[in-house]
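As structure tokens, the structure follows; a few thoughts come after it.
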Amino acid sequence: MRSRPLFQIVAAALVLAASALPCAALAAPIDPGTVSDAEMSSFVRDRLGSMGSGDPVAVREARIDLIAPLFTPETDSAFRLQYSGALQQGGLAKLASGDDELVAINAVVIAGDLATQLSVAILDQALSDDRPAVRYEAARSMGLLLAAYARGQAAIPANQIEAVFERIDAQFKRETNELVIDALVAALAATPDDDPEIRAHSARMMCGGVAVVARQWRTIKPDETHALIIFRAIDSAYSDLLAVQGGVDKDFARSAAIASGQALIFLIHWLDTTPPTSMTPATRQLAIDLGAAAERVLLLAHNTLTGDLQPERVTRPLREFAEGKPGATLATIRDAVEAWTGPSGRLLSAPYNVNADDFD
């Protein structure tokens, strides 16, 4: 089946995600507290068969029915494992990798809410799909899986969660579609703090991932979409740093500072290839916000790690340059950034020890 434009699928995926949320208020077609294996198998077989038809209405109704039992007070790990077995035997993984894009996306949605080892396998496979829309939903569903684990609602062993993080890390390094990268950032940023260790791991992974893509995007002519993705990650990192003052994870603070350094170099590249005079007012404001957020993270993280409170040096010249003030130059901004990322920059020494080549 021919892949539809990604923006259409992204819109559809958002609708799918929203329509899944009210399932907690629906009567589950099966009762997690009393259902037998035979009843469950029959229920799953019928719904997956409807999904496989490809009819949009049938696919939607089957998805709602299959997700509903996962949002009841009786749903526990034992039920998730029992249900996962039925879904595995019924062919959920096959639907998630099938030719029909609509069916594949809906199957991935179910896998994300299921939150079992089967989910990990399906989402891992979906992140390698040739279709960006399927990868987008897989990235979004990785966030649902992590959130379920953080809340104690998943049936996944700890070593599998480590594998999830490793898979997300690998995806940042190889993903070429910016909307899929945005979904990865959003998935990690939305991990709840019910489990502080998982939340901290998500934040570190998000910073590491955005550092990678910010560096990669210096080889292209970036646009507002690329800048907005980086800004969202840096802004989320700043919120996390503020939330844990006094008990900040030092590895996270280091990752946040390095990501912010990469974000500032990306910003200079963006302003160099797309001068503010050619930007809309909203885009110029985004450039200012990105630079200010990155500098805030650097100052806060650096003070947390070293006790050295540095003054702002980037935000003011950035604002003046973006607003077209007389005498304002990109070179002034670059000089201020190089105090962090240049040959003698703070990020090249302890506690960061970034290789100089990483900022070239």
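Results, tabulated for the structure shown:
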| quantity | calculated |
| --- | --- |
| Vicinal HN-Hα couplings computed from phi for segment 327-342 (Karplus, 6.51 cos²θ - 1.76 cosθ + 1.60; Hz; Gly/Pro x) | x, 6, 10, 5, 4, 5, 5, 4, 4, 5, 5, 5, 5, 9, 10, x |
| Average projection area in nm² (convex hull over Cα atoms of segment 132-197, one quarter of hull surface) | 4.2 |
| About the Cα centre, charge dipole magnitude for segment 226-360 (Lys/Arg +1, Asp/Glu -1 at Cβ), debye | 280 |
| Calculated FRET value between residue 41 and residue 273, using beta carbons and R₀ = 41 Å, to 0.05 | 0.10 |
| All-pairs Cα distance distribution in segment 197-360, expressed in whole percent, bin size 5 Å | 1, 10, 20, 23, 21, 14, 7, 3, 0, 0 |
| HN-Hα J in Hz across segment 101-108 - Karplus 6.51, -1.76, 1.60, θ = phi - 60°, x for Gly and Pro | 5, 4, 5, 4, 5, 5, 5, 5 |
| Calculated diffusion of segment 69-223, Stokes-Einstein form, Kirkwood radius summed over Cα pairs, 25 °C and 0.890 mPa s, µm²/s | 156 |
| Structure-derived percent of Cα pairs over 39 Å apart: which label, when the choices are (1) 24; (2) 33; (3) 37 | (1) |
| Peptides 322-329, 94-101, 232-239 ordered by average Cβ neighbours within 10 Å, highest first | 232-239, 94-101, 322-329 |
| Calculated [θ] (222 nm, deg cm²/dmol) that DSSP helices of n ≥ 4 give over the chain, each run adding -39,500 (n - 2.57) | -22500 deg cm²/dmol |
| Residue-count net charge about residue 328 - beta-carbon cut-off 12 Å; Lys, Arg +1, Asp, Glu -1 | +1 |
| Segments 258-265, 31-38, 129-136 sorted - mean Cβ within 10 Å per residue, highest first | 258-265, 129-136, 31-38 |
| Euclidean distance between Cα centres, segment 33-108 to segment 247-271, Å | 41 |
| Protection-proxy order for peptides 351-360, 75-84, each taking the mean of Cβ atoms within 10 Å per residue, highest first | 75-84, 351-360 |
| Positive minus negative residues near residue 276 (Lys, Arg vs Asp, Glu; Cβ under 9 Å) | 0 |
| Rounded to whole Hz, the Karplus (6.51, -1.76, 1.60) HN-Hα couplings of segment 125-138, x for glycine and proline | 5, 5, 5, 9, 5, 5, 8, x, 5, 5, 5, 4, 5, 5 |
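Read-outs: derived from the displayed coordinates by stated rules, not from any lab. On a predicted model such as this, the values are computed, not experimentally measured, just so you know. Glycine also receives a Cβ, built like all others from the backbone with ideal geometry; neighbour counts cover every protein chain displayed.
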